[in-house]
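K.L.:
Structure in C-alpha cells, see below.
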Amino acid sequence: MERQVAIIGAGISGLLACKYTLSKGYHPIVFESQSHIGGVWTKTVETTKLQTPKALYQFSDFPWPSSVIEQFPNQDQVLEYLESYARHFDLLQHIKFNTNIVGISYEGLTEEEMQSWELWGGTGEPFSHKGKWNVRIESTETHSSEEVYKADFVILCLGRFSDIPNIPNFPPDKGPEAFRGKVIHSKDYAAMKYETANSYIKGKRVVVVGLQKSALDITMECCVANGLQLPCTLLYRTARWILPNYLPWGVPLAYLYLNRFSELLVHKPGEGFLHSLLAIFLAPVQWTFSKFVESYIKWKLPLAKFGMVPNHSFLQEISSCLISLLPEKFYDRVEEGSIILKKTQSIAFCEDGIFVDGESIPIKTDLVILATGFRGDRKLKHIFGSTTFQDLIAGSPQERVSLYRECIHPRIPQLAVIGFSESVANLYTSEIRCRWLSELLDGTFKLPSIREMEKDVRKWDRYMKQYSGDQYRRSCIGALHIWYNDQLCSDMGWNPRRKKGFLAELFQPYGPLDYASS
C-alpha cells in the first residue's frame with residue numbers, strides 16, 4: 001500500500017523531509033507557496049550572509065562546492081547550494097509550487113477516541129488504517145477553488161522566520177495609525193528588490209526597531225545610503241552579545257560550545273547522577289568560558305561606551321540561539337554618528353515620529369522599520385482546522401511548543417514538525433531530525449507512551465528555562481545539540497559516538513559530516 005506523505009514548505013527542512021521520505025520508499029508531495037525553493041533565503045536584505053560557518057551549515061552527504069571559498073556565503077550562494085542539492089537528489093519533481101495551504105484537518109477518529117489514547121495515534125504507529133489528514137490547498141496564481149489532498153502523514157516545515165510578523169504592543173491611540181510617515185516590517189523591506197529597497201530608504205530619516213541580525217543589516221544599509229546627513233536610529237530593548245567573529249581571543253567558538261566537554265558543564269535533560277555531579281563541579285569552567293568570550297567582545301567592540309554591555313551571560317545567548325555576527329564596521333558608523341543607538345522598553349508613535357522612554361521630544365522620522373521578528377507559533381497554530389489541535393500545539397502563553405524530540409506532539413497523530421525548534425545550525429539539526437523521522441515512519445523504532453513523551457518534554461522545558469532565561473519560548477537546543485543528537489541516534493540504533501579516540505570524542509567539535517553515515 002502506497003503511503004502518501006504531505007510536506008508543507010520547501011525550505012531547508014522541507015527539502016530534507018522530501019529526500020529522506022523518498023529514501024524509505026514513500027510518496028511525498030511538497031506544497032510550497034512560492035515559485036521556488038529556499039524558504040527564508042528567498043527574501044533577504046542585500047547584505048545578508050550566512051550566520052553560521054559553512055562547515056556547520058551543510059548537508060551531511062552533499063558538502064559545499066570547492067568554488068565557494070567564503071566562510072560565510074551570501075544569499076545567492078546559499079540558494080545555489082540548496083538548488084544544487086534539490087537537483088542532485090531529484091527533489092524538484094515532488095514539489096508543487098505556488099500552492100497555498102488553506103488548512104489541514106484530521107478525519108476518521110473522534111476527539112473522544114483520541115483523548116483516551118495511551119500511545120501516540122492510539123497504537124504507537126506513525127500510520128493509521130482509520131485516520132487521514134485532509135490538506136486544503138489553493139493556487140497562489142489563479143486563486144482557484146480549494147482542492148483537498150489526502151495524506152497518511154503530514155510534515156510541517158513552516159519555519160518560524162517568515163509570514164506572520166511580530167508587531168509590538170503600543171499604547172492606546174499611539175500606534176502606527178498616529179504617525180503620518182511610513183511603518184513597515186522587515187519582511188516587507190526584505191521582499192523588495194535590492195535597488196528598490198535602496199531607493200526606498202534613500203533620503204529618509206529612518207528608525208529601525210530591533211537588535212537581531214535583520215535589524216543590524218537594515219541599519220547598516222540605511223546608514224550607507226544616507227550617511228551623516230540623515231543618521232539611522234536603532235531602537236532596542238535588550239543589549240545582546242553580538243559577535244565580531246567566531247574566534248574569541250583566537251580560539252574557535254566551536255571548541256568552547258560545540259563539543260562534548262562543553263556539554264559536561266551544563267545540566268542536561270534526563271541526566272544521571274554522574275552527569276549532574278560533573279555539571280556542579282565544572283560550573284566554574286562554564287562561567288570562565290562565558291567570561292572568556294564576553295571579555296573578547298568587550299575588548300573588540302566599544303560596548304561600554306555606548307551602553308551596550310548585556311546583563312546576561314554569553315551562555316544564555318547561545319542557549320537561546322540568539323548569537324549573530326555584527327556587520328563589518330558597524331561601530332565605526334556608530335562612532336561617526338551615522339548610526340544612533342537608543343535603548344527603550346516601549347515606543348509610542350506621534351504624528352512626526354516616535355517617543356521613547358525618558359524623552360519628552362519625539363525622534364522625528366519619515367520611515368519606521370520594525371525588525372521585531374515573527375510569530376512562528378501563530379503560523380503553526382492556525383494551520384490546523386481543529387481548535388483542539390490548535391490549543392494542543394500552542395500550549396499556554398508561558399510555554400514553548402511541546403514537541404517530543406522537538407518533532408512530534410504526543411497528542412497529534414500522524415504528524416511531525418521539523419525546523420521549528422532552533423539550534424546554532426538549523427540545516428544540520430533539521431537533517432538529523434528528518435533522518436530520525438524517516439526511520440520512525442519505516443518502523444525502525446517506536447515512540448514511548450504519551451505519558452513518557454510528555455515527561456521527556458517537561459525535562460527539556462526545565463533545561464531551556466534554566467539556561468535560556470526570558471527567551472525560553474524560542475525552543476532552542478543551541479548549547480546541547482550533541483546530547484540531543486545522541487538521543488536521536490540511540491532511537492535509530494546508531495552509535496552516538498562519532499569520533500575516533502577518547503580525546504577527539506571529548507574535545508573535537510561535532511558537525512554535519514560526523515553524521516554522514518548511520
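K.L.:
Roughly what % antiparallel, to the nearest 5, for the DSSP beta bridges in the chain? Can you show the working numbers first?
P.N.:
On the way: 22 of 55 bridges.
Beta bridges within the chain, antiparallel portion: roughly 40 percent.
K.L.:
Next question, about the same structure. So how exposed is residue 261, as accessible area in Å² (1.4 Å probe, rounded to 10)?
P.N.:
Counting only protein heavy atoms, residue 261 exposes about 50 Å² to solvent.
K.L.:
Can you classify the range 319-434 as rounded, prolate or oblate using the Cα gyration tensor, where a ≥ b ≥ c are the square roots of its eigenvalues, rounded means a/c under 1.5, and otherwise it's prolate if a/b beats b/c and oblate if not? Could you put the intermediate results ahead of the total?
P.N.:
On the way: a/c = 3.51, a/b = 1.81, b/c = 1.94.
Oblate shape, in that a/c is at least 1.5 and b/c is the bigger or equal ratio.
K.L.:
Another question, if that's okay. If r is the Cβ-Cβ distance from residue 166 to residue 281 and R0 is 30 Å, what FRET efficiency results, to the nearest 0.05?
P.N.:
0.15
K.L.:
Separation of the range 497-517 and the range 324-341 by C-alpha centroid, Å?
P.N.:
Computed from Cα coordinates, the inter-centre distance equals 38 Å.
K.L.:
Take residue 202 and residue 71, extend 7 Å from each Cα along the Cα→Cβ direction, and tell me the distance between the two endpoints in nm.
P.N.:
Simple spin-label model gives 3.5 nm for this pair.
K.L.:
I've got another one for you. If the cut-off is 20 Å between C-alpha atoms, which aspartates and glutamates fall inside it for residue 300, apart from same-chain ones fewer than 8 positions away?
P.N.:
Within the straight-line limit of under 20 Å, residue 300 reaches these aspartates and glutamates: 217, 317, 328, 332, 335, 336.
K.L.:
Once P(r) over Cα pairs in 20 Å bins from 0, in percent is worked out from the coordinates, which option in (1) 22, 59, 19, 0; (2) 20, 47, 22, 8, 2, 0; (3) 21, 55, 24, 1 does it equal?
P.N.:
Among (1) 22, 59, 19, 0; (2) 20, 47, 22, 8, 2, 0; (3) 21, 55, 24, 1, the one derived from this structure is (3).
K.L.:
With a ≥ b ≥ c taken as the square roots of the eigenvalues of the C-alpha gyration tensor of the range 431-487, please select rounded if a/c is under 1.5 and otherwise prolate if a/b is larger than b/c or oblate if it is not? Let's see the in-between values first.
P.N.:
On the way: a/c = 2.78, a/b = 1.62, b/c = 1.72.
Cα axes put the range 431-487 in the oblate bin.
K.L.:
List, in the order given, every pair from 24/500; 150/381; 174/381; 96/446; 213/499; 24/459 whose Cα-Cα distance in the structure shown is over 22 Å.
P.N.:
Check vs 22 Å cut-off fails for 24/500; 174/381; 96/446; 213/499; 24/459.
K.L.:
Using all C-alpha to C-alpha distances in the range 52-134, build P(r) with 10 Å bins and read off the rounded percent in each one.
P.N.:
Over the range 52-134, the share of Cα pairs per 10 Å bin runs 13, 27, 18, 23, 16, 2 percent.
K.L.:
Could I ask something else about it? Per the helix-only calculation at 222 nm, which mean residue ellipticity applies to the chain, given -39500 (n - 2.57) for every DSSP H run of n ≥ 4 and division by its residues, nearest 500 deg cm²/dmol?
P.N.:
When only DSSP H runs of four or more count, the value is -10000 deg cm²/dmol.
K.L.:
Dividing the convex hull volume of the Cα atoms of the range 424-518 by its residue count, what figure in Å³ per residue is obtained?
P.N.:
Values: hull volume 11.1 nm³, N = 95.
Cα convex hull per residue, to the nearest whole number: 117 Å³.
K.L.:
Hey, another quick one. Solvent-accessible area per residue for the chain at a 1.4 Å probe radius, Å²? Don't skip to the answer; put the middle values down first.
P.N.:
Details: 22590 Å² over 518 residues.
Spelled out: the 1.4 Å probe surface of the chain, per residue, equals 44 Å².
K.L.:
To the nearest 10 square angstrom, how much accessible area does residue 328 have with a 1.4 angstrom probe?
P.N.:
Per-residue accessible area (residue 328): approximately 150 Å².
K.L.:
Between the range 1-43 and the range 411-446, how far is it from one alpha carbon centroid to the other, in angstrom?
P.N.:
Between the Cα centres of the range 1-43 and the range 411-446 lies a distance of 13 Å.
K.L.:
Can you list residues from other chains, or at least 5 along the same chain, whose modelled amide H is less than 5 Å from the amide H of residue 476?
P.N.:
When sequence neighbours closer than 5 places are left aside, the close amide H contacts are 422.
K.L.:
Measure nothing but the geometry: give the 0 to 90° angle between the long axis through the Cα atoms of 481-492 and the longest principal axis through the Cα atoms of the chain, rounded to 10°.
P.N.:
Taking the Cα atoms of the chain, the angle to 481-492 is about 10 degrees.
K.L.:
Additional query: List, in the order given, every pair from 364/465; 54/379; 329/379 whose Cα-Cα distance in the structure shown is over 31 Å. The partial results should precede the final answer.
P.N.:
Working: 364/465 39 Å; 54/379 29 Å; 329/379 36 Å.
Listed pairs above 31 Å: 364/465; 329/379.
K.L.:
Roll a 1.4 angstrom probe over the protein heavy atoms and tell me the percent of accessible area of the range 191-315 that is carbon or sulfur.
P.N.:
64
K.L.:
Starting from the amide H of residue 185, placed 1.01 Å from N in the peptide plane, find each other amide H under 5 Å away whose residue is 5 or more places distant or on another chain.
P.N.:
HN-HN under 5 Å from residue 185: 370.
K.L.:
Also, I was wondering about something else. Could I have the simple spin-label model distance between residue 92 and residue 145, label points 7 Å from Cα toward Cβ, reported in nm to one decimal?
P.N.:
3.3
K.L.:
So which aspartates and glutamates pass the test for residue 130, namely a Cα distance under 13 Å, with those fewer than 8 places away in the same chain ruled out?
P.N.:
Cross-link targets: 107, 113, 152.
K.L.:
What accessible area, in Å² to the nearest ten, does a 1.4 Å probe give for residue 274?
P.N.:
The accessible area of residue 274 comes to roughly 120 Å².
K.L.:
Can you bin the range 194-297 into rounded, prolate or oblate? Criterion: square roots of the alpha carbon gyration tensor eigenvalues sorted a ≥ b ≥ c, rounded for a/c under 1.5, prolate for a/b above b/c, oblate for the rest. Display every interim value, and only then the final one.
P.N.:
Values: a/c = 3.51, a/b = 3.03, b/c = 1.16.
It comes out prolate by the Cα gyration axes.
The values are calculated or read from the model by the stated rules, or taken from the named source; none is laboratory data. For clarity, every value in this text was computed on a predicted model and none was experimentally measured. All Cβ positions, even for glycine, are placed from backbone atoms using ideal geometry, and neighbour counts span all protein chains on display. Keep in mind that these areas ignore ligands, DNA and RNA; they rest on the heavy atoms of the full protein, side chains included. Shrake-Rupley method; radii C 1.70, N 1.55, O 1.52, S 1.80 Å.
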